[in-house]
Amino acid sequence: MFYREAGDFKTTYPEDAQTFPIQFDRVRYYAVLAIAFGVIPFFINDYWANAVFVPFLIYAIAAIGLNILTGYCGQVSLGTGGFMAVGAYACYKLMTSFPEVSILIHVLLAGGITACVGVLFGLPSLRIKGFYLAVATLAAQFFLVWLFNKVPWFYNYSASGQINSPERTVLGHFVTGPNTSAAAKYLFCLVILFALAWVARNLTRGTIGRRWMAIRDMDIAAEIIGVNPLTAKLSAFAVSSFFIGVAGALFFAVYLGAAEVGEVFGINKSFLVLFMVIIGGLGSIFGSFAGAAFLVLLPVFLKNVLVEGMGWPTDLAAHIELMIVGGLIVVFLILEPHGLAQLWRLTKEKLRLWPFPH
């Protein structure tokens, strides 16, 4: 059997602590990267970019951000849609105020502004937790949507109240606007996702990640052993909000091109990203990818099977999708709380022990 540690010898501590200790995992990881960067851009078209790949990449960033806060630090948040709106409107104001600056800088600055807002709304986590913190972040969701609706400065006094993304280029290729190619859109989001996933993986494996997990497991015991709850919780809110703000900026500028805050970044968006984290697996970077892929592919699959294949009405297929997602959440919470990531982990363990049953 090829999935074994036999022949994989570690002679240094960095080798022993690497993310993929088994050689086959490392080969598979580099193969996936090679396909993502070197194959897909040459074959992708507008349908696959807009229906599958670009939303998957953006939602994966948002799911990683929420997983850092909820999965690793244990702070429940229902304000993801509002924080994505902060990233989108911050990116819009930066793009219209500083047109000569690169869109990449605007996206990162939008994430930084969202991090500041996230820290502000994360202050209640120092005194409350659990259901009460969820209600506090839910209040942030409704407040932010109301703010962007009621203050015309955020949408540059547009009569429609909608924000529209100006055309911007990276290395001479359009990445926003109607002239953007599918490959450019895909690669721009892929590069940002790869960089942020690498940062998230290293943060969660380092000292700051251990502090987050100590707070998640038992905050009183963590404080006794020297973990500062103030810095741990607020840093989790800041990092999480940065990721979510970047996702919101990309969702508006690259994917949609135009947005109205109540329709695009409402409470449904918060629940969607939360469902991705629950189904994918709390406290797992891979789980964020798995949950995002599942909930992006599920509507496409149901549309092809139920609507186009069986001729069912579109609204009926949408209701069935909600029923399936709700049922899966209940099943995962009862049978496998750690989601798809844990199922993948168990599969790998069985491969390592095969053919032995124990």
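Along the stretch 185-190 the Karplus relation, 6.51 cos²θ - 1.76 cosθ + 1.60 evaluated at θ = phi - 60°, assigns HN-Hα couplings of 4, 5, 5, 4, 5, 5 Hz to successive residues, with x for each Gly and Pro.
Under a 5 Å amide H cut-off, with hydrogens placed 1.01 Å from N, Ala258 pairs with Ser165 among residues at least 5 apart or on other chains. GNM remark for the chain: springs join alpha carbons under 10 Å apart, and the peak mean-square fluctuation among Glu321, Glu336, Glu100 falls on Glu100.
Taking amide H as placed 1.01 Å from N in the peptide plane, the amide H of Val175 sits under 5 Å from that of Arg168, Thr169, Val170, each at least 5 places away or on another chain.
Evaluating 6.51 cos²θ - 1.76 cosθ + 1.60 at θ = phi - 60° for every residue in the stretch 61-78, the Karplus couplings come out as 4, 5, 5, 4, x, 5, 5, 4, 6, 8, x, 8, 9, x, 9, 6, 9, 10 Hz, glycine and proline recorded as x. Sparsely packed loop sites in the stretch 38-140 (the trypsin sites (Lys or Arg not before Pro) outside DSSP H, G, I, E and B with at most 13 other Cβ atoms within 10 Å) comprise Arg127.
Heavy-atom accessible area, probed at 1.4 angstrom with all protein chains present, ranks Phe154, Phe237, Phe37 as Phe37, Phe154, Phe237, highest first. Taken about its Cα centre, the chain carries a charge dipole of about 600 debye when Lys and Arg each add +1 at the Cβ and Asp and Glu each add -1 at the Cβ. Give the label of the value calculated from the structure for Rg and Dmax of the Cα atoms in Å, choosing from (i) 21.0, 68; (ii) 21.6, 74; (iii) 20.2, 63. Only one option fits the structure, namely (i). Between the residues Ser235, Val175, Phe148, the greatest Cα displacement towards the positive end of the dipole of the stretch 45-266, with unit charges on the Cβ of Lys, Arg, Asp and Glu, is found for Ser235. Evaluating 6.51 cos²θ - 1.76 cosθ + 1.60 at θ = phi - 60° for every residue in the stretch 105-118, the Karplus couplings come out as 5, 4, 5, 5, 5, 4, x, x, 5, 5, 4, 5, 5, x Hz, glycine and proline recorded as x.
The values are calculated or read from the model by the stated rules, or taken from the named source; none is laboratory data. It should be emphasised that the depicted structure is a prediction, and the values quoted were computed from it without experimental measurement. Don't worry about glycine lacking a Cβ; one is built from the backbone with ideal geometry, like all the others, and counts go over all protein chains shown. SASA here: full protein model, heavy atoms, side chains in, ligands and nucleic acids out. Shrake-Rupley method; radii C 1.70, N 1.55, O 1.52, S 1.80 Å.
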